[in-house]
There are 2 protein chains.
Amino acid sequence: MDIEQFRKAGYQAIDRICEHFYALQEKPVMSQVKPGYLSQLVPATPPEKGEDFQIIADDFQRCIMPGITHWTHPSFFAYFPTANSFEGILGDLYASSVSTPGFNWVASPAATELESIVLDWAACLLGLSSVFKNTSRVGGGVIQTTASDSVLTAVVAARSLYQRNHPDVPLESLVIYTTTQTHSLGAKAGLILGIKVKALEVKLEDQLCLRGEDLEKALEKDTNAGLRPFILIATVGTTSSGAIDDIPEIGEVVKSYPDLWIHIDAAWAGCAFAAPELREKLYVKEINETAHSICVNFHKWGLVNFACSVLWVRDRQNLIEALDITPAFLRTKEGDSGVVTDYRNWHLSLGRRFRSLKLWFVLRSYGVEGFRNRIRRSIKLNEGFVELIKQSPNLTLVTEPSLALTVFRLAPKSHLDSQSSYSLAQLNELNKAYHASLASRSDIMLTQTNINGIFCIRLAVGSPFTEEKHIQQAYNVLEEEAKSALQLWKQGHAANSEAQV
Amino acid sequence: MDIEQFRKAGYQAIDRICEHFYALQEKPVMSQVKPGYLSQLVPATPPEKGEDFQIIADDFQRCIMPGITHWTHPSFFAYFPTANSFEGILGDLYASSVSTPGFNWVASPAATELESIVLDWAACLLGLSSVFKNTSRVGGGVIQTTASDSVLTAVVAARSLYQRNHPDVPLESLVIYTTTQTHSLGAKAGLILGIKVKALEVKLEDQLCLRGEDLEKALEKDTNAGLRPFILIATVGTTSSGAIDDIPEIGEVVKSYPDLWIHIDAAWAGCAFAAPELREKLYVKEINETAHSICVNFHKWGLVNFACSVLWVRDRQNLIEALDITPAFLRTKEGDSGVVTDYRNWHLSLGRRFRSLKLWFVLRSYGVEGFRNRIRRSIKLNEGFVELIKQSPNLTLVTEPSLALTVFRLAPKSHLDSQSSYSLAQLNELNKAYHASLASRSDIMLTQTNINGIFCIRLAVGSPFTEEKHIQQAYNVLEEEAKSALQLWKQGHAANSEAQV
């Protein structure tokens, strides 16, 4: 493909992306293909001769598009949102055109310097302390691929720091603390690193947040047993229910445990720090005081296309001391002199995309005000949904709604009052059937979760295209399926009762 | 930005990318900015109000472009090439438009299924055994971000397998084997995982490749000392000099050490497997017989824009047993039934970009034939460069050229004959000055390396725009700077001699 063929194919790609977004609302949210569909459409071996690009572009529409689940669809309420903005797409496009592996400053100074500047912008946006800014020259921010990478990097840095301070403590004694509500990234970090993970219990009556008292008890018990908890992965906005660990109480406890690194996983909820009125509830002040590291995924709620997981640290030296290896072929005069940042020493990989560009595009195009308003809008839409649930005869909240996330289940209120009709096991069974019927629909997408043994359904608002009418539609679908599920359940139980007779 | 504003900005982006490629040859290869340049151009805080996108797009040209080092420039010979093809850019653009985090099948079936199919295509292209294909349902391929991620994943899988087979062996006894020529990713994997790394010595007379005999001696010695080497990171095409470890001899040795996982890092040279005439030299047959895992970065020499590091494994179960954590919110009926691949269990992160699309675009647009020819073309250009070096009075090869990589140094042949004029230390000093003068130029970019104490310069061919004339120009520059460096050196030494008198 030469430059003019690229121009033609590029225009077409832009046009087709426009068509895609115009038609998005009419498409099924969840792909309707069956496992293995693509092997029916694509040959098993590559072509010997090159093909005309028009055929390839058409095959994208024909073969790939039907297999896409539309995370940007206004009726996508599953998992957490995955950002998709026009500014993000354009940022990635420009970045692709100047591909640079970015592992040191000289590889493309703009890539390193823009990342340093724009992560300071993002720290301003979110109300983070200036100690986390790159201009502090002590702390700083770096873009990682995912929150899993961010936490893995934090755990490695924390372990390395702990081992430098306590060279005699064997690796077997080290423990990563999470809670039962921490994202699986905590357990996976332990698996990868071969380090014990302890998930502290949290209670439904505490809205599933980690309390200082429970942390303190665990620390006392484990320390007495010879274990050495060296990092706590605390969460501000858990995946299951949006729970917010009690950072003020945690901050008090760790005053007596200065070796415990506090990593704040705010992968989803961190973008909401942008709204000043939410900061108190999200403990931004206490995070600023307590956290050794913080992760916020702008590729979730932050309008920046995947991947853009930002990790801020209070002391960059903890990353560099844990991760710096500079072989001869990577040495540069700028790196040796220490005047520039070589981001390869701030994460696990060597190469990296020029990802700050899309974050820069988004923050400039939206401005602080526009970014905040997008967050507020999602929360307001979710509040509307919560009102509907509260009035529903069949659906019940399981936890307090958190920002733009609601966790609920099918539990007829008339039955709840009597407390007699359904056991927890029965309600779980009912809700599994209910979720299965929802999952088989193409016009809405939601995911399930399990909270302290309760099978629940999550609704997370976040697509930029979601409006009040989609919330109302979602509620209508939920009620409709709830009635069917209840009816089937009653029929089944009636049949069972008969059979037992 | 609405859809029509995106169309306009998108067309402009495509036009500007075309302009960029038309003008590329005239641009300096290496960015000429000084550290900190961007903070003079970009404010320290984000704008409160959103800005017009035209201003942002213009700032990309004004502020960012001067800070870009052009890895696609025809006179870029540093490091290894970073792929940049129009098909790769378009693949990434389409992928951005349907952003999907891809951690399980249902997240977008097309993303998972295309990855499975197109990595089988890539295995065909490279002559890999069908045991590594996804259709084998035993082995399989997965796209990782970088070769560092690939090796880290392989080491974690190997460690987990070893520990399952030998639950009583303490972590402290485990050892990762590399050679002194292995990329820093080996040492970094050890740092990250807290596992010992032993770099086996290799000899210049063996062209810096690991021989079976040396591996065997190390295994015997370490095993007797109670250590447990559980993985060898062997390289086919090292970064320093393109050295190729002796896989046939390694294969013989490991017959007696079945616990030793063999990871083949062919991040750069693996793309050359596409040319059947190179496979014998690159030991593809023996890799097929011996390797537990293989990494090939299509984002280096393989025409696919960053990131596209492919990891193939002989037994996918080794990845899944090491890495699978499936919390409630990630469970799906397809995943539970085992009929689909959930790629999150094949790597360290959870989320992932839809990266197979750009690989699919490239392999279809080029075809096997076109891909092979691009590889052959780079090698032929390098052969031309080698001929020039062989005839040069001043420049000398340090190792045998490897594929598209030449390692040489400034060492006047007349002086070499007499062996008297320059010690190794003097030659190193001379070459450091020589490289510094080359590094200060804007019309060419090369990197240095250090091979068993010899300071050398590397020239790696790989840009799709490099032609014979650029090779000749590079040689002319090298000779010109060589003469200046020699003259300065002689003057310096004359002055020193005088001073000593």
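The values are calculated or read from the model by the stated rules, or taken from the named source; none is laboratory data. In this text, all values refer to a predicted model and were calculated from it rather than measured experimentally. No Cβ is skipped: glycine too gets one built from the backbone with ideal geometry, and neighbour counts run over all protein chains shown. To get the accessible areas, we keep the full protein, side chains included, count just its heavy atoms, and leave off ligands, DNA and RNA. Shrake-Rupley method; radii C 1.70, N 1.55, O 1.52, S 1.80 Å.
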* To do: Using DSSP, restrict attention to beta bridges with both residues in chain A and report what percent are antiparallel, rounded to the nearest 5.
  => 55
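To check you understand DSSP bridge types, tell me what percent of the beta bridges within the protein assembly as shown (both residues inside) are antiparallel, rounded to 5.
Values: 48 of 84 bridges.
Of the beta bridges lying entirely in the protein assembly as shown, close to 55 percent run antiparallel.
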* Structure fact -> Among B:Phe53, B:Ile176, B:Thr326, the residue whose Cα sits farthest towards the positive end of the charge dipole of chain B, when +1 is placed on the Cβ of each Lys and Arg and -1 on the Cβ of each Asp and Glu, is B:Phe53
* Structure fact -> With a Förster distance of 22 angstrom and the Cβ-Cβ distance between B:Ser421 and B:Gln473, calculated FRET efficiency to the nearest 0.05 equals 0.15
* Ellipticity estimate at 222 nm from DSSP helix runs (n ≥ 4, -39,500 (n - 2.57)) divided over chain B, nearest 500 -> -14000 deg cm²/dmol
* To do: Search the structure for amide H atoms under 5 Å from the amide H of A:Leu200, placed 1.01 Å from N in the peptide plane, and list their residues when 5 or more places away or on another chain.
  => A:Thr178, A:Thr179, A:Thr180
* Asked: Expressed as a whole percent, how much of the Cα-Cα distance distribution for the range A:340-380 exceeds 14 Å?
  -> 64
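About its Cα centre, how strong a charge dipole does the protein assembly as shown have in debye, to the nearest 20, once Lys and Arg get +1 and Asp and Glu get -1 at the Cβ?
Values: 96 positive and 110 negative charges, 68 e Å.
Magnitude of the dipole: close to 320 debye.
Round to the nearest 0.05 the FRET efficiency obtained for B:Lys333 and B:Arg137 when R0 = 22 Å and r is the Cβ-Cβ distance. Write out the running numbers ahead of the final one.
Details: r = 20 Å, r/R0 = 0.89.
After rounding, the FRET efficiency stands at 0.65.
Using the Kirkwood formula on the Cα atoms of the range B:183-246, what hydrodynamic radius do you get, in angstrom to one decimal?
Details: mean 1/r = 0.0786 Å⁻¹.
Kirkwood radius, the range B:183-246: 12.7 Å.
With +1 assigned to the C-beta of every Lys and Arg and -1 to the C-beta of every Asp and Glu, and no other charges, what is the dipole magnitude of the range A:193-236 about the Cα centre in debye, to the nearest 20? Numbers along the way, then the final one.
Details: 7 positive and 8 negative charges, 53 e Å.
That gives the range A:193-236 a dipole magnitude of about 260 debye.
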* To do: List the extent of the Cα atoms of the range B:150-199 along each of their three principal axes, largest first, rounded to whole Å.
  => 32, 20, 16
* Structure fact -> Sorted shortest first, the nm distances from the A:Glu369 label point (7 Å along Cα→Cβ) to its counterparts in the other copies are 6.0
* Distance histogram for the range A:327-415 (every C-alpha pair counted, 5 angstrom bins, percent rounded to whole numbers) -> 3, 10, 12, 10, 9, 8, 9, 9, 8, 7, 5, 4, 3, 1, 0
* Asked: Mind listing the phi-derived Karplus ³J(HN,Hα) values for the range A:422-427, rounded to whole Hz, using 6.51, -1.76 and 1.60 with θ = phi - 60°, and x for any glycine or proline?
  -> 10, 7, 4, 4, 5, 4
* Please work out how much length the chain gains when fully extended from A:Gln391 to A:Lys413, using 0.36 nm per residue of separation minus the C-alpha to C-alpha distance, in nm with one decimal. => 6.9 nm
* **Nearest-0.05 FRET efficiency for B:Ala199 and B:Thr223, computed from C-beta distance (R0 22 Å)** => 0.80
* Inter-copy spacing of A:Gln491 label points, which lie 7 Å from Cα along Cα→Cβ, given in nm from shortest upward -> 9.7
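Per residue, what volume in Å³ does the Cα convex hull of the range A:100-354 take up?
On the way: hull volume 30.8 nm³, N = 255.
Dividing the Cα hull volume of the range A:100-354 by its residues yields 121 Å³.
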* Percent of Cα-Cα distances greater than 17 Å, calculated over the range B:69-197 -> 73
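Under a point-charge model restricted to the Cβ atoms of Lys and Arg (+1) and Asp and Glu (-1), what is the dipole moment magnitude of the range A:319-395 relative to its Cα centre, in debye to the nearest 20? Write down the numbers at each step before the final one.
On the way: 14 positive and 8 negative charges, 95 e Å.
Charge dipole, the range A:319-395, about its Cα centre: 460 debye, nearest 20.
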* Sorted by accessible area (1.4 Å probe), largest first, how do B:Glu481, A:Glu400, A:Glu115, A:Glu280 line up? -> A:Glu280, A:Glu400, B:Glu481, A:Glu115
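Could you work out the relative contact order of chain A, using alpha carbon pairs under 8 angstrom and six or more residues apart, expressed as a whole percent?
Details: 844 pairs, mean separation 105.4, N = 501.
Relative CO of chain A lands at 21 percent.
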* What nm distances, shortest first, do you get from the label point of B:Pro248 to those in the other copies when the point sits 7 angstrom along Cα to Cβ? -> 7.3
* Those residues of the range A:140-179 whose amide nitrogen sits under 15 Å from the label point placed on A:Asp206, 7 Å along Cα→Cβ -> A:177-179
* Extreme residue, positive dipole direction of chain B, given options B:Ser108, B:Pro412, B:Gln144 (C-beta unit charges) -> B:Ser108
* **Principal axis dimensions, the range A:1-150 - Cα atoms, whole angstrom, descending** => 55, 41, 29
* Give, as a single signed number, the net charge of other residues whose beta carbon lies under 12 Å from the beta carbon of A:Thr447, with Lys and Arg counted +1 and Asp and Glu -1. => +2
* Structure fact -> Sorted by chain and then number, the residues having a modelled amide H within less than 5 Å of the amide H of A:Arg228, at least 5 places away or on another chain, are A:Leu174, A:Val175
* If all Cα-Cα distances of the range B:170-303 are sorted into 5 Å bins from 0 onward, what percent lands in each bin, rounded to whole numbers? -> 2, 11, 21, 24, 21, 13, 5, 2, 1, 0
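Over all directions, the average projected area of the alpha-carbon convex hull for the protein assembly as shown comes to how many nm²?
Working: hull surface 168.1 nm².
So the Cα hull casts an average projection of 42.0 nm².
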* Asked: How much space per residue, in cubic angstrom, does the convex hull of the C-alpha atoms of chain B take up?
  -> 194
* Sort out the exposed loop trypsin sites (Lys or Arg not before Pro) in chain A (DSSP loop, at most 11 other Cβ within 10 Å) and tell me the longest stretch that has none. => A:256-501
* Structure fact -> Once amide hydrogens are built 1.01 Å from N within the peptide plane, the residues lying 5 or more places from A:Thr449 or on another chain with amide H under 5 Å from its amide H are A:Cys456, A:Ile457, A:Arg458
* Structure fact -> Under the Karplus relation with 6.51, -1.76 and 1.60 and θ = phi - 60°, whole-Hz ³J(HN,Hα) for the range B:264-271, x at Gly and Pro, equal 9, 8, 10, 3, 8, 6, x, 5
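Under a 1.4 Å probe, what is the accessible area of the range B:68-183 per residue, stated in Å²? Write down the numbers at each step before the final one.
Values: 2130 Å² over 116 residues.
I get 18 Å² per residue for the range B:68-183.
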* To do: May I ask which residue of A:Ile244, B:Met30, A:Val131 lies farthest towards the positive end of the charge dipole of the protein assembly as shown, with charges of +1 (Lys, Arg) and -1 (Asp, Glu) on Cβ and the Cα centre as origin?
  => B:Met30
* Asked: Based on the Kirkwood radius over alpha-carbon pairs, what value in µm²/s does the Stokes-Einstein equation return for the translational diffusion coefficient of the range B:138-224 at 20 °C and 1.002 mPa s?
  -> 148
* To do: Taking each pair of different alpha-carbon atoms in the range A:365-500 once, compute 1/r for the pair, average those values, and report the inverse of that mean as the Kirkwood hydrodynamic radius in Å to one decimal.
  => 16.0
* Among the listed pairs B:Lys285/B:Lys390; A:Lys333/B:Lys217; B:Lys300/B:Lys469; A:Lys217/A:Lys300, give every one whose C-alpha distance is greater than 27 Å. => B:Lys285/B:Lys390; A:Lys333/B:Lys217; A:Lys217/A:Lys300
* To do: Give me the net charge of B:Gly302's neighbourhood, meaning all other residues with Cβ under 13 Å from the Cβ of B:Gly302; Lys, Arg count +1, Asp, Glu -1.
  => +4
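Using the Cα atoms of the range B:3-68 to build a convex hull, what is its mean projected area in square nanometres? Don't jump to the answer; show the numbers that get you there.
Working: hull surface 22.1 nm².
Mean projected area for the range B:3-68: 5.5 nm², to one decimal.
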